[in-house]
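Colleague: Got a structure for you, questions after.
The values are calculated or read from the model by the stated rules, or taken from the named source; none is laboratory data. Predicted, not measured: the structure shown is a model, and the values here were computed from it. Virtual Cβ from ideal backbone geometry, glycine too; neighbours counted across all protein chains shown.
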Amino acid sequence: MNLTEKILSAHLVCGEMKAGSEIGIRIDQTLTQDSTGTMAYLQFESMGIDKVKTELSVAYIDHNTLQSGFENADDHAYIQSVALKHGIRVSKPGNGICHQVHLERFSRPGRTLLGSDSHTPTCGGMGMLAIGAGGLDVALAMGGAPLYIAMPKVVKVELRGKLGHNAAAKDIILEVLRRLSVKGGVGKVMEYCGDGVATLSVPERATIANMGAELGATTSVFPSDEVTRAFLRAQRREQDYKPLSADADATYDEEVTIDLWALRPLAACPHSPDAVKPVSALKEIAVDQVCIGSCTNSSYADMCKVAAILRGKTVAPGVSLTVSPGSRQVLTMLARSGALADMIAAGARVLECACGPCIGMGQSPKTDAVSVRTFNRNFYARSGTASADVYLVSPETAAFTALEGHFADPADYGEIHIELPERFEINDNLILHPKHFEGVEIVRGPNIKPFPRAEKLTQNIAGKALIVLPDNITTDHIMPSNSKLLPYRSNIPYLADYCLAPVDAGFSARAKQSGGGFIVAGANYGQGSSREHAALVPLYLGIKAVLAVSFARIHESNLINNGILPLVFVHPDDKEKISEGDELYIADAPQEIVAGDTVTVVNRTRGVTVSTRLHLSDRLKEVILAGGVLALSRQKAASAQ
Ligand code: MIC
Ligand code: SF4
């Protein structure tokens, strides 16, 4: 077996491990973060479960940390109290980004992790099978339910040799993105192997696994070896070590080989993580802002390299450089080693250990700016400045660029040397344990609003095509997030006014005026974030179905979980048969769904019929007919009484 099959089979609850067919797997650990967490916990509460059934569940507060009004603080107080009450640990604001802290303190080889954040696969760097999902799926897993997924195909990514020329782990994943694109990983697990793996530290592996999310992959996984053991020892958790790798005769569905020595520093250009070019081709471009951090590149080693490059120098006059270490462990160690002083002396603006600029929580660049970031997403307008061009690079490229004021290729400089300690500094005093908080009362401030609930699927569905969208629409388009909107993640009616606003500011008003309708889209609809808000807000606006050429995995599940039909054009060209404003109609929807895999949509305006596919397991058919997961459990509870 390959490594993915080994971990899956050890957790298999139901189904057959045949690519594409539905399997249910046991979830050992869960994580939530605050921007998806409030909804996840409201949904969890509605299930009426006393204590979580997982081996470990952690609620992180790391996204909404600006607190420019009471809203974020309300969310924090709600999450802290609701989590502790239900047996969930809480990582307080300031303790770090969920994925970095989870990797350091809780990740364990061979375990499964489900997180309400699309970058949960970061812990694949530790040999975990770590999967991102919508908040509702995580709430269900906290209640002990299996995670249902389509058995993924497994791609063997063989890393050969060793990196050189100051190329970094980030450049490995940018190379994979260059080759496979943002759709290349949909329905697949990227499994890394080859002699190059042993040359990469756990945080470097985590960088690669983290950005596998940008391939659309279900997850990415690395073997667990002596390097893994050394990382766990440094975290004083050697007892969690377990060696894991694929069998020598393992088979795979696809293969990719990367010669590490041949790699040169790369950059993802605006506005997509797969628009990859060599940094050497960008040297003419002047840069206004450099941001170093995020769950992709904020480990102690990353930060030490940045400090070594900056030491004794000054940031270029036209550049604003920000640094956000990934965790309090990293920040404390930087402070003690003196590396933090080197960064500050060079002119870096040090931000707290949180997502920060990665999700537009501050540091939006100026009009038409060029912003160079070590992050994982450069989707249109995500930085908070729609006219800015955002590039994604390694910490090395970012640091040299900050000094030069234009793109600088690390391959032109000498090798960077850093010393890492044998033992890392352990201080978990900002991680609250529920055993110390028996009897805690749940705090619900005025920003916590109830979530919308779907209705049972109606016999006939009629409505307008409210918008026709191109390929690769992200959840950042569907439900944008920035410092003005993120505080309202527990307030769906407020968010609804901004649905699809980056593409069409009139969409929300149109949807409200028409009393809902249909969304029509191209390929890979809903790529990016796991935010369930990209389904909850359309649900609130009365969207009944999305017709698309194809869907991204997490968003498709979020739609189904909330009773919205994700319909795939049988003939992709049929998308052309629908224009904005056309009246669409589906007759006898429940019967058609029960009978098979196709749903017929009539375009009454043009007098044409379009065939769509809705390929669902029997379990999911039941969910969609009931109007979503929670509606189904309510109906089941009512009929049991
Ligand atoms: C992101 O990177 O887009 C986020 C913000 O972390 C999201 C979660 C969210 O929208 O709250 C993600 O990756 O799932
Ligand atoms: Fe936070 Fe950015 Fe990572 Fe999302 S991608 S978890 S916003 S650091």
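Colleague: Could you tell me which numbered condition G48 fails, if it satisfies all but one of (1) more than 16 Å from ligand 1 (Cβ to nearest atom); (2) not in a loop (DSSP other than H, G, I, E, B)?
Modeller: It is condition (2) that G48 fails.
Colleague: Quick one: is N562 within 16 Å of ligand 1 (Cβ to nearest atom) and crowded, with 23+ Cβ neighbours inside 10 Å?
Modeller: Yes: the conditions hold for N562.
Colleague: Continuing with the same structure: Going through A381, A354, A348, A388 one at a time, which residue ends up being within 16 Å of ligand 1 (Cβ to nearest atom) and surrounded by fewer than 24 Cβ atoms within 10 Å (Cβ to Cβ)?
Modeller: The unique qualifying residue is A381.
Colleague: Also: Restricting attention to region 607-641, which residues are surrounded by 20 or more Cβ atoms within 10 Å (Cβ to Cβ) and of a type in the set (S, T, N, Q)?
Modeller: T612
Colleague: Of all residues in region 329-380, how many are of a type outside the set (V, I, T), more than 16 Å from ligand 2 (Cβ to nearest atom), out of contact with any strand residue (DSSP E or B) (no Cβ under 9 Å at 6 or more places or on another chain) and in a loop (DSSP other than H, G, I, E, B)?
Modeller: 1
Colleague: Let me ask another. Could you identify the single residue in D75, D137, D62, D117 that is touching a His at 6+ places or on another chain (Cβ under 8 Å), under 24 Å from R377 (Cβ atoms) and within 16 Å of ligand 1 (Cβ to nearest atom)?
Modeller: None of the others qualify; the one that does is D117.
Colleague: Out of all the residues in region 565-586, is one or more among the hydrophobic types (A, V, I, L, M, F, W, C), surrounded by fewer than 16 Cβ atoms within 10 Å (Cβ to Cβ), modelled with pLDDT of 95 or more and over 27 Å from the mean Cα position of the chain (by Cα)?
Modeller: Yes, because at least one residue in region 565-586 is among the hydrophobic types (A, V, I, L, M, F, W, C), surrounded by fewer than 16 Cβ atoms within 10 Å (Cβ to Cβ), modelled with pLDDT of 95 or more and over 27 Å from the mean Cα position of the chain (by Cα).
Colleague: Could you please tell me which pairs satisfy a Cβ distance under 9 Å, a separation of 6+ or placement on different chains, a first residue in region 1-24 that is part of a loop (DSSP other than H, G, I, E, B), and a second residue that is surrounded by 18 or more Cβ atoms within 10 Å (Cβ to Cβ) and hydroxyl-bearing (S, T, Y)?
Modeller: N2/Y252; G15/Y148
Colleague: Here is a further query. Just to be sure before I move on: is E214 acidic (D, E), in contact with a Lys or Arg (Cβ under 9 Å, 6 or more places away or on another chain) and buried (at least 20 other Cβ atoms within 10 Å of the Cβ) in the structure I sent?
Modeller: Answer is yes for this residue.
Colleague: In region 83-160, which strands (runs of 3 or more DSSP E) lie fully inside it and hold 1 or more residues that are within 14 Å of ligand 2 (Cβ to nearest atom) and farther than 18 Å from E191 by Cβ?
Modeller: Strands (runs of 3 or more DSSP E) meeting the threshold: 89-91, 112-115.
Colleague: Would you be able to say whether some residue in region 305-328 is within 16 Å of ligand 1 (Cβ to nearest atom), of a type outside the set (S, T, Y) and not in a strand (DSSP E or B)?
Modeller: Scanning region 305-328, I find at least one residue that is within 16 Å of ligand 1 (Cβ to nearest atom), of a type outside the set (S, T, Y) and not in a strand (DSSP E or B), so the answer is yes.
Colleague: Out of region 473-500, which residues are part of a helix (DSSP H, G or I) and of a type in the set (G, A, S)?
Modeller: Matches in region 473-500: A496 only.
Colleague: Report yes if some residue within region 224-236 is more than 30 Å from A631 (Cα to Cα) and within 18 Å of the chain's Cα centre (by Cα); otherwise report no.
Modeller: No, region 224-236 contains no residue that is more than 30 Å from A631 (Cα to Cα) and within 18 Å of the chain's Cα centre (by Cα).
Colleague: Continuing with the same structure: Just give me the residues in region 453-472 being of a type outside the set (A, V, I, L, M), more than 21 Å from the chain's Cα centre (by Cα) and either within 16 Å of ligand 2 (Cβ to nearest atom) or part of a loop (DSSP other than H, G, I, E, B) (or both), in sequence order.
Modeller: Passing the criteria: R453, E455, K456, T458, Q459, N460, P470.
Colleague: Restricting to region 434-466, name every residue that is β-branched (V, I, T) and at pLDDT below 95.
Modeller: I448, the sole residue that qualifies.
Colleague: Shifting gears a bit: If F518 meets every condition in (1) outside any loop (DSSP other than H, G, I, E, B); (2) within 29 Å of M211 (Cα to Cα); (3) at pLDDT 95 or above; (4) of a type outside the set (G, A, S) apart from one, which number is that one?
Modeller: It fails just one condition, (2).
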